[in-house]
Amino acid sequence: MKGTKDLIESFRSVVVQIATPYATGTGFFLKSQNLIITNEHVVRGNRQVIVDGDKFEKQIIKVLYTDPRLDIAFLEAPAKNSMPSVYLGAGEELAEGELVIAVGHPFGLKYTATQGIISNAMHKQNEIEYIQHDAALNPGNSGGPLIDAHGHVIGVNTFIIRDGNNIGFSLPVDYLAHALRDYLEHVGKTAVRCHSCSNLVLDGDDFDGYCPHCGTKVEVPSQVAEYEPAGVKRTIEALLHDLGYDVELSRKGPSSWEIIKGSARINVTYHEQTGLIMGDAYLATLPRKDIKPLYEYLLRQNFRIEGLTFSIKGHDIILSLLVYDRYLNLETGKTLFNHLFRKADDYDNVLVEKYGASWKLR
């Protein structure tokens, strides 16, 4: 049996980040079925999502299957991936007090793992039995796997009780196994499980938006309307497009985009409540010694560079642009953000090569 540390590490390569214009979450790869598993609420309202992981390049993939009642979804496998196999613990008996580990990879954050025990192996809610446990589920970890001490996936992390002192709930893998058996008979097609009669509804020439079995209105993933930004978000995406960036692939969650310019990574975020648009370029990390010359250089640059500001957050050296939405239009936005992107790509080389900073690893 693997130790806890080895178990956690073995899942690093199969847990993926998922982002849409509405939400972020986690998924995990099942090699035997060649599918990514996640929660339905993570991909809801999208026909395609962005995924990123250790074993493949960030890319856009299709949503193939959704089940609103069980809150699970299947996504197509990323192209050119080398992710290893993990195993479903379908049919295994669970007992209170068993060790469990919840792993996840919120988009833009590091891989996380929390350990706990099962407090109720059959918590029933809305006629569905969940695994109740105290392994903390972090925001953005929805859709990640719950694993047991043998390294088997025993559940899909689904929801928490707010202010519930680490009370989390995972959908038992037996539900997932049943859904996989049904869907794999139609693999490659897009489908939804009707939340009323529980029958599988496939996309096709005769699909009219209603379940053919009971008449309930359902939404097959391939029929979801494509995302269209509005207002300030539309302006931001238009200026990024005009500057030559892949806007769809740049999205990393609600009102958030990630731009790669040379060796620099820039996060663009729009805070709708305050009207503030922020561009933060994470350039490098502080050196361990001889930091004074670097600090002096940053202070001098803060007096010289127009419209941009250097700051330190933890060990990170950040170059930032701040602009309020009421002052933003397409042409001024292109000028401001192009200036940030170019300077970010220049400055990180200077900080590393001349002042001993370390490259910021993605």
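Miscellaneous remarks
- Of the listed requirements (1) touching a Leu at 6+ places or on another chain (Cβ under 6 Å); (2) assigned to a loop (DSSP other than H, G, I, E, B), ILE154 misses just one: (2).
- Single match in VAL218, VAL224, VAL201, VAL153 (criterion: touching a residue at least 40 places away in the same chain (Cβ under 8 Å), of a type outside the set (D, E, K, R), farther than 30 Å from VAL100 by Cβ and surrounded by 17 or more Cβ atoms within 10 Å (Cβ to Cβ)): VAL224
- Among (1) closer than 18 Å to TYR175 by Cα; (2) touching a residue at least 40 places away in the same chain (Cβ under 8 Å); (3) not small (Gly, Ala, Ser) - the single one GLU127 does not satisfy: (2)
- Members of segment 101-122 that are surrounded by 14 or more Cβ atoms within 10 Å (Cβ to Cβ) and either over 22 Å from the mean Cα position of the chain (by Cα) or outside any strand (DSSP E or B) (or both): HIS105, PRO106, PHE107, GLY108, LEU109, TYR111, GLY116, ILE118, SER119, ASN120, ALA121
- Residue match in segment 69-76 (condition: surrounded by 20 or more Cβ atoms within 10 Å (Cβ to Cβ), modelled with pLDDT of 90 or more and over 16 Å from ASN157 (Cα atoms)): yes
- Residue check for GLU296: farther than 23 Å from TYR245 by Cβ, in the same structural domain as GLY279 (by TED's automatic domain parsing) and without any contact (Cβ under 8 Å) to a residue 24 or more places away in the chain: yes
- Listed conditions (1) part of a strand (DSSP E or B); (2) more than 13 Å from the chain's Cα centre (by Cα) are all met by LYS5, apart from (1).
- All positions within segment 183-197 that are among the charged types (D, E, K, R) and modelled with pLDDT of 95 or more: ARG193
- Of all residues in segment 21-46, those being crowded, with 19+ Cβ neighbours inside 10 Å and either touching a helix residue (DSSP H, G or I) at 6+ places or on another chain (Cβ under 8 Å) or not acidic (Asp, Glu) (or both) number 18.
The values are calculated or read from the model by the stated rules, or taken from the named source; none is laboratory data. No experiment lies behind these values; they were computed from the predicted model shown. Note that each Cβ is placed from the backbone with ideal geometry, even for glycine, and that neighbours are counted across all protein chains shown.
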